[in-house]
Amino acid sequence: MGCAALPFPARYYALPGAMFFLPLFDRAWALPRLPRERSHVIAWAVLLAVAVIPTIWTPGYAALLVTNLLLVALPEEWFFRAYFMKRVTQGWRANLFASLLFSLTHGVGLGWQTGILVFVPSLLFGWLYQRTRDLPLVVLIHALSNLMFILVLAKPLATWLATWL
C-alpha cells in the first residue's frame, strides 16, 4: 500500500527525517536525558545481542536490522515518545494520544490493518518510556519487535487475515 500523503519513493526517508528533525526546532523542548545506570546499559547490551543473533544465521538480515533501527525505530520513538508525549500532556493521556497518532500515521502510510496492529505495541512502548525515561531502551525494543514481526509473524498473520477478510 502506498501513502496518499507522500506518493513518491522518498516518503520512506522524508517522514522519518521530519520526525527526527522537527523536535530540534522546538525551542521549548529539551533533549531527553540519557540514563547512565548500570541496569540500563546492561539492558541495552542484552537487547542489542538479541537483535544481532538473527543476523548471524542469516547475514542478509543485517541490513534490515540497521535500516529498521535507524530509519524506523529511532525516528518514531524520538518523535512519539521523547517529543510528542512530553509536549501533549502527562500520564496515560499522553500515551493514549501518542499511540493514536502513531497508529494513524501507520494506517495512512501502510494501510488500516497495520494502523490497528501497531496500536497495542505503541501503548506498551509509551508505558515503558514513561516508566524508565530510557529512549535507547525503547528504540531497541521497538527495532527488535519490528524485526521479530518481519521474521516470524508477518507471513502467518497475512495468511490468517486473508482467510478472515
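Where a number appears in this text, it was derived from the coordinates with a stated rule and is not lab data. Small disclaimer: the values here were computed from a predicted structure and weren't measured. Heads up, the Cβs are rebuilt from the backbone with ideal geometry, glycines too, and the neighbour counts pull from every protein chain shown.
For the reader, a short list of remarks on this structure follows.
- The chain: most fluctuating residue of Leu101, Leu128, Leu117 per GNM, C-alpha cutoff 10 Å: Leu117
- Within a Gaussian network of the chain (alpha carbon springs, distance under 10 Å), most fluctuating of Ser145, Ser103, Ser122: Ser145
- For the range 62-165, relative contact order (Cα pairs under 8 Å, six or more residues apart, normalised by length) works out to 30 percent.
- Estimated FRET transfer efficiency (Leu48, Leu153; beta-carbon r; R0 30 Å; 0.05): 0.90
- Equivalent ellipsoid, the chain (semi-axes from 5 times Cα gyration tensor eigenvalues, Å): 24, 22, 16
- Simple Cβ-charge dipole of the range 33-145, Lys/Arg +1 and Asp/Glu -1, about Cα centre, in debye nearest 20: 420
- Within a Gaussian network of the chain (alpha carbon springs, distance under 10 Å), most fluctuating of Ala28, Ala18, Ala51: Ala28
- With θ taken as phi - 60° and the Karplus curve 6.51 cos²θ - 1.76 cosθ + 1.60 applied, the whole-hertz 3J(HN,Hα) list for the range 68-75 is 4, 5, 7, 9, 10, 5, 4, x Hz, x standing for glycine and proline.
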